[in-house]
Amino acid sequence: MFSVRLRFTRQDNFAFVTVITTVLIALGWPAPSVADDSVTARVVMYHGYSKAIELKRGNARAVLCPQAGGRVLEFSVDGQNAMFLDDEEKNWQPGKPGPASAGRFDYGPELTVIAHPKTWSGEWTGEITSEHSAKLTSPREEAAGIQLVREFRFITHGKSVGLSCQQTMINVSQEVREVCHWGRSFSPGGGICLIPLGDRPSKFPSKYAMYEEGAIINVRNKDDLIRERDGFLEILAPPRKPKLGFDSHAGWLGYVMPNNTLFVKRFATFPDRVYNEAAGLTLSVWYPTGPRIELEPIGPRERLQPGESASFTEDWWLLSHPFPKEGQSIDLQRLREQVAKETAVAHKIAN
């Protein structure tokens, strides 16, 4: 019996590290021991997952999960995590369905899409592609006919570090498929969600849709926990019904958390294209009573011929921002200016 210890420094060829790590992930072996803290992409144990991919850049950290659904388990800046990660996931077992929390993605339209359980919670292929980026690829599901590739990389804007999350939908069937991107990430509950209304009028009388029982979509609402102020809709706490839909084309949303952190998602919108969710939504929020909130950017309809693909990008940013004290309100103009200054405009869709 013999052992080999591998030590990589910043002067080593990162491509060699990437090849070794990718092979080990594919074989299910543990990653090589890396003694140098300067290495910023590696395979780690995390929350019960043995093949998690950790990316670091400055004060930002992302941890990806190829073993169950191709998700983001952590996106943090200065130790503040934007993701809600369920403790029950620590009991995850290969081949068995379990809770899928944290940074989830999916594709729709929700009410008519073909079921794709392997893509949703099955094992993906993970690959480290550079010091600050990685790629996750879903298994093929012949019935659904869509394969997904998710690419994650750190981006910068001034002093801010963000995480760019691009999902590519590939038609691997022999038929035309109509799909749309659907972000479904969980963040810790208890915060205030902000939907900028933008400069285009909403088609909803209340400027949002509320999903009632039996798939009824109510567009005439009045809820004391959802208010319009200074060009925003503020969701102050869990409303009467948790699932809400919006048709804003402002291209971003904000979520102010009680830990004085602002989570921003930026994404492109396309006013002249068809959005094929039932209510024509560009964005959805699910805010039930409990420990989590779901923040869901939605992409436009992509009509894919066999072999065609389409991509959609969400750019995530975490900024320092005070949570309002009891009886006070968020300074929305200040928040708008901060988002414009400290985050970059989202990418366009690439077909």
- Message: Only one of S133, S164, S160 is under 30 Å from V339 (Cα atoms) and more than 16 Å from the chain's Cα centre (by Cα). Can you tell me which?
- Response: S160
- Query: Has segment 287-301 got at least one residue that is among the small types (G, A, S) and in a strand (DSSP E or B)?
  - Reply: no
- Taking only pairs six or more apart or across chains, which ones have beta-carbon atoms under 6 Å, a first residue in segment 56-84 that is at positive phi, and a second residue that is of a type in the set (K, R)? G70/R150
- Task: Those residues that are over 19 Å from F323 (Cβ atoms) and surrounded by 24 or more Cβ atoms within 10 Å (Cβ to Cβ), I need them from segment 285-301; list them, please.
- Result: E296, P297, I298, G299
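Condition check ((1) of a type in the set (D, E); (2) assigned by TED's automatic domain parsing to the domain that holds S50; (3) at pLDDT 95 or above) across all residues:
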| position | (1), (2), (3) |
| --- | --- |
| L111 | no, yes, no |
| E131 | yes, yes, no |
| K135 | no, yes, yes |
| G145 | no, no, yes |
| V149 | no, no, yes |
| F154 | no, no, yes |
| W182 | no, no, yes |
- Just one of E234, E228, E277 is among the acidic types (D, E) and loosely packed, with under 14 Cβ neighbours inside 10 Å; which is it? E228
- All conditions in (1) β-branched (V, I, T); (2) surrounded by fewer than 21 Cβ atoms within 10 Å (Cβ to Cβ); (3) more than 24 Å from V113 (Cα to Cα) are true of I128 except (2)
- Return the total of residues in segment 320-345 being buried (at least 20 other Cβ atoms within 10 Å of the Cβ) and over 26 Å from P242 (Cβ atoms). 1
- Message: What's the total number of residues in segment 302-335 that are over 25 Å from G58 (Cα atoms) and either more than 20 Å from the chain's Cα centre (by Cα) or not assigned by TED's automatic domain parsing to the domain that holds G189 (or both)?
- Response: 17
- Message: Looking only at residues that are in a loop (DSSP other than H, G, I, E, B) and of a type in the set (F, W, Y) in segment 78-127, which one is nearest to V256 (Cα to Cα)?
- Response: F84
- Residue ID - farthest from S164 (Cα to Cα), chosen from residues in segment 52-67 that are surrounded by fewer than 24 Cβ atoms within 10 Å (Cβ to Cβ) and out of contact with any Lys or Arg (no Cβ under 8 Å at 6 or more places or on another chain): A52
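The values are calculated or read from the model by the stated rules, or taken from the named source; none is laboratory data. Every value quoted in this text rests on a predicted model; they were computed, and no experiment measured them. Backbone-built Cβ (ideal geometry, glycine too); neighbour counts: all protein chains shown.
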